[in-house]
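The values are calculated or read from the model by the stated rules, or taken from the named source; none is laboratory data. Note that the structure is predicted; figures quoted are calculated from it, not measured. Note that we place each Cβ from the backbone using ideal geometry, even for glycine, and neighbour counts take in every protein chain shown. Note: areas computed on protein heavy atoms with side chains; ligands, DNA, RNA excluded. Shrake-Rupley method; radii C 1.70, N 1.55, O 1.52, S 1.80 Å.
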Amino acid sequence: MPTNGLNRALKLQFGLINYENRYLTAEAFGFKVNASGISMKKKQIWTLEQVGQDGQAVFLRSHLGRYLASDKDGKIICAEKPDPECRFLIVPQSDGRWALQSEPFLRYFGGSADYLSCFAQVIGEQELWAVHLALHPQASLLSVARKRYAHLSASDGEISVDSNIPWGVDSLVTLVYMDGKYSLKTCDSRFLSNDGKLVKENNNNTSFTLELKSGKLAFKDCDGKYLTPVGPTGTLRSGRCSKLGKDELFDLEESHPQVVFQAANKRFVSVKQGVSISANQDVETDMETFQMEIDKETKKSMFRTNGGSYWTLVSHGEIQSTATEVEVNTMFDIEWRGQRVAFRASNGKYVCTKKNGQLSAVSDTVGDDELLLMKLINRPMLILHGENGFVCHHKNSNTLDANRSVYDIFSLIFNDGAYNIKSVNGKFWYVSSSGLVCSDGEKPEDFFLEFLEHGRVAIKGSNGKYLRGDQGGTLMGDGPSVDASSLWEY
């Protein structure tokens, strides 16, 4: 999906919930479609594909890569290719639900369990679907009209839409789903109200229904008005408009990890002094914050500065922030060494901190000067999504589920290169002697984050084993190595 922004716009994937609170499900057997899913797993996730640039029609693609379709008699199938019979129009309702209308036949899609059809001439309760986004709920929010990012402006007590880049923890927005509606939560755990104020409690004025137009999102409040940036700082609040235009549209973009580094000299790595990357600062600012972008193919890491340039290897092994494009010299291998990391540059040498603080890739082995403390700064609230769903407290015990369609928000607390994870009740995560991850610890236990793939993190316990979701959906801390079950969207 194209975007005006710096980062990739997130694909719009969601579950559709019918009037009986069941999810639309694409079965592998016979490519049948029903409404029998009780939660949102892989089979219940649909991807929205826009028809043409300005077209109103959409395709709905299942996890099997097939398209929802209706013939002239209202029979529902999953077609192999996006034929004209696969074209639907989204008809949003005032309560946030959608009706789906076949574009060629103008009939509405609905029903229950195995009895789905697209033959209704009018919209009734059976033809209404609630929308549950399946993408990771933490993202950057980009105004399509202003081409600026939303960020918390704590001094003004508002969300301002005036950032050129989504930099630092203030640019993180968390979408909270409840009863078919969405709230926008800031990094300091406040909710955006439709009058632009930030409040501690979620209520009717902080609940918005989602609407889609040309693959972009809009947020409609309880009075039927849309969120829009207002005034010179782009204060995010409901405008006067109850008609959807460009000013009311937003992209959700993936939020890359942003980190600060401290070298063995106890000083922060910075670009404050020019193009040289040097560990010579005593405070963390935007100049000491770097965005970590992981290449999908090679799994190597690039580091972007707040000016938009990348770290790169130049002559004599020096590391500078002079690259504007990604190329081989901007890619670094990271070695995860418990509470510290080491980098290897494209010349095969390790990056070391010289006496003057300058970073240079000149070392063959790793000693104190080659180790850096790395701190993640833009995930104070941790939401984990694995191959089978989100991590959530188990209803009746101190364990954690890893297969839920709803998520709990945990606190991530940095501790000298490690992290402690705190539950809503103020208790800490720990790994029990039987390998279960428990959430009722009185004292913090160290976990280690390893950013191994684009958009995925592995989490290692103090026992040296990785957190994984087991077949029964329980979060375990016994993974001997990293595989699909131990990689988490975060």
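Does the stretch 68-81 contain any residue that is closer than 20 Å to L212 by Cβ and modelled with pLDDT under 95? No, there is no match, as no residue in the stretch 68-81 is closer than 20 Å to L212 by Cβ and modelled with pLDDT under 95. When restricted to residues that are open to solvent by 20 Å² or more (accessible area, probe 1.4 Å) and touching a residue at least 40 places away in the same chain (Cβ under 8 Å), the stretch 335-372 contains 9. Return yes when R148 is closer than 24 Å to M287 by Cβ and either outside the structural domain of E284 (by the TED database) or open to solvent by less than 30 Å² (accessible area, probe 1.4 Å) (or both) and no when it is not. Yes, satisfied. I'd like the full set of residues that are surrounded by 14 or more Cβ atoms within 10 Å (Cβ to Cβ) and either closer than 17 Å to K213 by Cβ or modelled with pLDDT under 95 (or both), limited to the stretch 45-62. Within the stretch 45-62, I45, T47, L48, E49, Q50, V51, Q56, A57, V58, F59, L60 meet the criteria. Scan the stretch 305-315 and give yes if some residue there is in contact with a Cys (Cβ under 9 Å, 6 or more places away or on another chain) and crowded, with 17+ Cβ neighbours inside 10 Å, otherwise no. Checked the stretch 305-315: no residue is in contact with a Cys (Cβ under 9 Å, 6 or more places away or on another chain) and crowded, with 17+ Cβ neighbours inside 10 Å.
When the stretch 438-481 is filtered for residues that are open to solvent by less than 50 Å² (accessible area, probe 1.4 Å), more than 21 Å from T399 (Cβ to Cβ) and either of a type in the set (D, E) or modelled with pLDDT under 95 (or both), the ones remaining, listed by number, are E450, H454, G455.
Filtered by the rule that a residue be hydrophobic (A, V, I, L, M, F, W, C), farther than 15 Å from L227 by Cα and buried (at least 19 other Cβ atoms within 10 Å of the Cβ), the stretch 160-210 gives I165, W167, L172, C187. The single condition among (1) in a loop (DSSP other than H, G, I, E, B); (2) in contact with a Ser or Thr (Cβ under 6 Å, 6 or more places away or on another chain) that N34 does not satisfy is (1). Can you name every residue in the stretch 79-97 that is within 16 Å of V33 (Cβ to Cβ) and part of a strand (DSSP E or B)? A79, F88, listed by residue number. Of all residues in the stretch 34-44, those satisfying the criterion of being farther than 25 Å from L217 by Cβ and surrounded by fewer than 19 Cβ atoms within 10 Å (Cβ to Cβ) are S36, I38. Can you tell me how many residues within the stretch 126-141 are touching a helix residue (DSSP H, G or I) at 6+ places or on another chain (Cβ under 9 Å) and assigned to a loop (DSSP other than H, G, I, E, B)? Here the count works out to 1. Residues in the stretch 77-121 that are of a type in the set (V, I, T) and either touching a His at 6+ places or on another chain (Cβ under 8 Å) or buried (at least 16 other Cβ atoms within 10 Å of the Cβ) (or both): I77, I90. Among the residues of the stretch 41-64, not a single one is among the polar types (S, T, N, Q), part of a loop (DSSP other than H, G, I, E, B), within 18 Å of L128 (Cα to Cα) and not assigned by the TED database to the domain that holds L244.
Among the residues of the stretch 406-425, are any without any contact (Cβ under 8 Å) to a residue 24 or more places away in the chain and either closer than 30 Å to F303 by Cβ or surrounded by 19 or more Cβ atoms within 10 Å (Cβ to Cβ) (or both)? Yes, because at least one residue in the stretch 406-425 is without any contact (Cβ under 8 Å) to a residue 24 or more places away in the chain and either closer than 30 Å to F303 by Cβ or surrounded by 19 or more Cβ atoms within 10 Å (Cβ to Cβ) (or both).
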